[in-house]
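Have a look at the structure below, then the notes.
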Amino acid sequence: MNEGPFRMQSQSKPKRKRKIGKWLLLSLSSLVLLVVLGMAIAYPLLKYEPLEEAKQAMNSDTVVEVKQGDNSFIFEPAGESANQPSVIFYPGAFVDAESYAPLARKLAEAGHRVYIAEMPFDLAIFGQNKADTIMEQHPNDRYVIGGHSLGGAFAARYASENTDKLEGVFFLGSYADKGGSLKDTHLNVLQITGTNDGVLNWDVWEESKQNLPEATTKFVSIEGGNHAQFGTYGKQKGDQDAAISPQQQLDEVSGAIVDWMQTLKK
């Protein structure tokens, strides 16, 4: 006689659990939708577009051939084999990949194949492993990876998990956080900063030195350089004015990267 009520009670618990589960699923879906909508609205307002000089650098000529690759732009010496290593570049946050075309062109003029990765919403946090598909295009190449600002941080995170695929990592106004620590790796590291960089958190940058291999890290300071002139997209909020021209900063940065790569030749 007493089994009925107990049986009904035991059946009601799974129903309540299912209702809670459905509510949580709906709440999570709503949250994801809000985040996506928020990104869609904010993205055009936050994005930095390439200047005309960068757009012009996207054109092929007799020296550099520019191609659209698999989620990347490829710059390589025209009509000749590329020097090693090849370069994979991760853009800064909300900066259009084409904004780094002048830098990529300078490295290609020096004989290197360069890939600028295109990131979802122009955020490297959503494309940390883009280097994998890039390397598949030329599996016999040797590679270094680097990036500007947020792009440098996530290039380091990729490198820390794929040390066997790379020879070095370079940073432009950026650093390796704990999640991308390279301290105990064999990798060569190049750290380039501008003395007028108003976006880089210098205290965090200083602390982050502990995440780099002491014996194989080289530091280069661009006197008068700022944060935005590591790319070609105009002024950036929070940055200081540069004391040197964009062309001078481009020449010094590209020269430092090329010189560094020369030391990696086998």
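The values are calculated or read from the model by the stated rules, or taken from the named source; none is laboratory data. Just so it is clear, the model here is predicted, and its values are computed rather than measured. Methodologically, a virtual Cβ is constructed for each residue, glycine included, from the backbone with ideal geometry; neighbour enumeration extends over all protein chains shown.
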* Asked: Among the numbered criteria (1) in a helix (DSSP H, G or I); (2) in contact with a helix residue (DSSP H, G or I) (Cβ under 9 Å, 6 or more places away or on another chain), which single criterion is violated by VAL169?
  -> (1)
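For region 192-212, indicate whether the set of residues that are in contact with a Lys or Arg (Cβ under 6 Å, 6 or more places away or on another chain), more than 23 Å from HIS112 (Cβ to Cβ), in contact (Cβ under 8 Å) with a residue 12 or more places away in the chain and in the same structural domain as GLY92 (by TED's automatic domain parsing) is non-empty.
Yes.
Yes/no per residue for (1) modelled with pLDDT under 95; (2) outside the structural domain of PHE170 (by TED's automatic domain parsing); (3) surrounded by 13 or more Cβ atoms within 10 Å (Cβ to Cβ):
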site: GLY38; (1), (2), (3): yes, yes, no
site: ALA54; (1), (2), (3): no, no, yes
site: GLY69; (1), (2), (3): yes, no, yes
site: PRO77; (1), (2), (3): no, no, yes
site: SER81; (1), (2), (3): yes, no, no
site: SER86; (1), (2), (3): no, no, yes
site: PRO91; (1), (2), (3): no, no, yes
* Could you say whether any residue in region 242-258 is closer than 23 Å to LYS130 by Cα and crowded, with 21+ Cβ neighbours inside 10 Å? -> yes
* Given ASN201, ASN211, which one is within 18 Å of the chain's Cα centre (by Cα), at pLDDT 95 or above, surrounded by fewer than 16 Cβ atoms within 10 Å (Cβ to Cβ) and over 15 Å from PRO102 (Cα atoms)? -> ASN201
